[in-house]
Amino acid sequence: MIYQTFAQLYDELFDPQLYECWQAYVQESVTPGATLLDLAGGAGRLGVKLAQAGFAVTDADLSPEMLALADQHRRKAGVDLTLVEADMTSLAGLPTYQVVTCFADSLCYLPDEAAVTACFSAVYQHLAAGGTFLFDVITPYQTDEVYPGYTYNYEDEDQARAFLWASYANPEVAHGAIHELAFFIRQASGDYRRVGETHYERTYPLATWKRALEAAGFDLAQLTVTADFGQGEPMATTTRWFFKLTKEAD
């Protein structure tokens with residue numbers, strides 16, 4: 001099989017168990033049946049699961065390639081899933097939703113705190129009164145201790161595909177990481193074609209994330225921060241924070 005885009009390769013190899021964990025986190029946090037905006041929802045894997053669970057889901061992503069994959073997944077699953085090409089820092093033209101989600105480190109791909117605040121402001125504007133905002137981010141422990149020198153290699157049993165992932169600290173920003181991703185896909189000729197990308201992530205101390213939420217209009221008294229998909233308390237070695245935030249009712 002010839003893969004035409006990096007998006008499809010990423011979608012094929014992403015750990016499906018994570019989507020089940022995010023789905024469980026959402027369903028434990030809010031009631032099915034709500035209108036739900038999944039920011040940076042990508043190929044729609046989570047969106048399909050949430051639609052099957054009874055949510056009215058909109059998958060918003062900046063990548064047309066990812067949305068094309070989401071269209072394939074929704075058709076295969078036979079569910080309604082609204083697909084929108086949107087910039088997560090503005091969301092202009094979208095309605096309000098009872099739930100907004102943003103997972104898989106998506107906020108950590110924004111370039112700086114100003115962009116994070118802009119995203120939170122857009123969410124605040126498009127979240128219904130009494131609605132819930134759920135998101136996760138990697139922690140400084142992940143960027144500073146886990147990622148530097150991290151490597152992951154994968155190869156199909158038939159050696160048709162190989163995936164190489166190497167991570168480094170980003171010297172340009174605090175709590176930043178650089179990921180070098182390369183796929184090797186065997187062609188009909190027996191030769192391999194390389195598809196690669198460089199990804200840049202950054203995170204911030206918990207106080208900075210809270211400051212951005214407050215600047216966007218959220219009441220921090222309504223905020224809960226957990227670890228382990230909502231199942232544990234954050235510790236010094238926590239690698240991912242989970243945020244649950246309720247917008248004040250009218």
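Filtered by the rule that a residue be among the hydrophobic types (A, V, I, L, M, F, W, C), within 18 Å of Pro16 (Cβ to Cβ) and modelled with pLDDT of 95 or more, the range 47-69 gives Val48, Leu50, Ala51, Ala53, Val57. Residues that are more than 15 Å from the chain's Cα centre (by Cα) and in a strand (DSSP E or B) within the range 31-50 comprise just one, Thr35. The single condition from (1) of a type in the set (D, E, K, R); (2) within 27 Å of Phe163 (Cβ to Cβ); (3) under 22 Å from the mean Cα position of the chain (by Cα) that Glu214 fails is (2). Take Thr89 and tell me if it is within 28 Å of Glu214 (Cβ to Cβ), of a type in the set (Val, Ile, Thr), in the same structural domain as Ala43 (by TED's automatic domain parsing) and in a loop (DSSP other than H, G, I, E, B). Considered against the rule, which asks whether it is within 28 Å of Glu214 (Cβ to Cβ), of a type in the set (Val, Ile, Thr), in the same structural domain as Ala43 (by TED's automatic domain parsing) and in a loop (DSSP other than H, G, I, E, B), Thr89 comes out as yes.
For the residues Val79, Val30, the requirement of being within 27 Å of Gly232 (Cβ to Cβ) and either β-branched (Val, Ile, Thr) or in the same structural domain as Ala160 (by TED's automatic domain parsing) (or both) singles out Val30. What's the number of the condition Leu94 fails, among (1) within 17 Å of the chain's Cα centre (by Cα); (2) farther than 16 Å from Val26 by Cβ; (3) part of a loop (DSSP other than H, G, I, E, B); (4) among the aliphatic types (A, V, I, L, M)? Unmet for Leu94, out of (1) within 17 Å of the chain's Cα centre (by Cα); (2) farther than 16 Å from Val26 by Cβ; (3) part of a loop (DSSP other than H, G, I, E, B); (4) among the aliphatic types (A, V, I, L, M): (1).
Can you say whether Ser121 is more than 26 Å from Leu69 (Cα to Cα), in a helix (DSSP H, G or I), more than 17 Å from the chain's Cα centre (by Cα) and not charged (D, E, K, R), as far as the supplied structure shows? Taking the combined requirement at face value, the residue satisfies it.
The values are calculated or read from the model by the stated rules, or taken from the named source; none is laboratory data. None of these values were measured; they are calculated from a predicted model. Virtual Cβ from ideal backbone geometry, glycine too; neighbours counted across all protein chains shown.
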